[in-house]
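What follows is one structure encoded as structure tokens, with my remarks underneath.
The values are calculated or read from the model by the stated rules, or taken from the named source; none is laboratory data. Worth saying up front: this structure is predicted, and the values here are computed from it rather than measured. Cβ: placed from backbone, ideal geometry, glycine included. Neighbour counts: every protein chain shown.
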Amino acid sequence: MAKLRVLVETAEFSADQVEVQTRLIYDTLLKESPYLDDGNFARFHSTDLERLFAEYDHYFFSALIRPTLGNTPLRFRLSKRMTRAGGKMVTHARLNRPDSTSYEISVATTLLFQCFDDDDHRPITVTGITCHDRLEALQRVMEHELVHLLEMLLWAKSSCSAGRFQSIASRFFGHKGHTHELITPRERALVKFGIKPGDRVRFLLDGMHHTGIVNRITKRATVLVKNSRGRPYADGHRYSTFYVPVELLETVDAGRRPPRH
């Protein structure tokens, strides 16, 4: 652990080094992965995240992360449910059981696959860096989560808004920020279909027409439809909840505030 800590605290890569090494990782993934067939891949697997981790450990951290982990499990997961964060690094541990610690890095598949289509209306940036395809965006997300992992390993706490995190991310990967500008389902719904929370919409389900208010948008739109047997809300009405693909909604009128519980 001491060697890794010294490296993380002192090493700095030039912009040219970062460009060369991240491109080597990019090319290696495309060459070795049985799932990634292009920079704008149509599918990928958790083993691709594991391979990314190994390549970054090799090129940027002198292969010190894996031995520092020792027997502590590090798992990788693709998440369809994450619709705001591009990635997440989670520490699992039981109270008073330090030997039970494990780490998990998750990546939001929904956000990646909503970006880099032919009809995208704006540049995509992750950590302040413009990305040209999904694999580049995936790399930036992995780099960010790796810094979280390093901080947890070495200092047992991590915050991407703090100076130490941003120093590591900048010195190793040239990051200029700690957030992403991937296209969220909410943005996609507004740009592509003109629908946003608060809009009154109608939709057809099981041969019946329904009219309601869009409450929120994740992978699907949550639509509240008035129903005397539904859940009570603060506006005095009861609503049933429907989860509807945005493309099946038709706007009736816009701009209302969704009712609160």
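Have a look at 183, 195, 213 and point out the one that is of a type in the set (A, V, I, L, M, F, W, C) and touching a Ser or Thr at 6+ places or on another chain (Cβ under 7 Å).
195
Residues that are among the acidic types (Asp, Glu) and part of a helix (DSSP H, G or I): does the stretch 181-199 have at least one?
Yes, the stretch 181-199 has at least one match.
Could you please find all residues in the stretch 104-145 being closer than 14 Å to residue 91 by Cβ and surrounded by 20 or more Cβ atoms within 10 Å (Cβ to Cβ)?
105, 106, 145
Could you check, for the stretch 71-90, whether at least one of its residues is of a type outside the set (Ser, Thr, Tyr), under 29 Å from residue 188 (Cβ atoms) and touching a Cys at 6+ places or on another chain (Cβ under 6 Å)?
There is no residue in the stretch 71-90 that is of a type outside the set (Ser, Thr, Tyr), under 29 Å from residue 188 (Cβ atoms) and touching a Cys at 6+ places or on another chain (Cβ under 6 Å).
Quick one: would you say residue 37 is free of Cβ contacts under 8 Å to residues at least 12 places away in the same chain, over 30 Å from residue 189 (Cβ atoms) and of a type in the set (Asp, Glu)?
Judged against the criteria, residue 37 is not a match.
Residue 157 fails exactly one of the following numbered conditions: (1) free of Cβ contacts under 8 Å to residues at least 12 places away in the same chain; (2) crowded, with 20+ Cβ neighbours inside 10 Å; (3) among the charged types (D, E, K, R). What is the number of that condition?
With respect to (1) free of Cβ contacts under 8 Å to residues at least 12 places away in the same chain; (2) crowded, with 20+ Cβ neighbours inside 10 Å; (3) among the charged types (D, E, K, R), residue 157 is out only on (2).
Going through the stretch 55-84 one residue at a time, which ones are aliphatic (A, V, I, L, M) and surrounded by 15 or more Cβ atoms within 10 Å (Cβ to Cβ)?
The answer is 64, 65, 69, 74, 78, 82.
If I go through the stretch 146-172 residue by residue, how many of them are closer than 16 Å to residue 88 by Cα and assigned to a helix (DSSP H, G or I)?
The qualifying residues number 10.
Only residues that are more than 18 Å from the chain's Cα centre (by Cα) and within 28 Å of residue 35 (Cβ to Cβ): list them for the stretch 129-151, please.
150
For the stretch 1-26, what are the residues that are over 14 Å from residue 170 (Cβ atoms), free of Cβ contacts under 8 Å to residues at least 24 places away in the same chain and more than 23 Å from the chain's Cα centre (by Cα)?
2, 6, 16, 20
Here is a list: 51, 84, 77, 43. Which entry is under 16 Å from the mean Cα position of the chain (by Cα) and modelled with pLDDT of 95 or more?
None of the others qualify; the one that does is 77.
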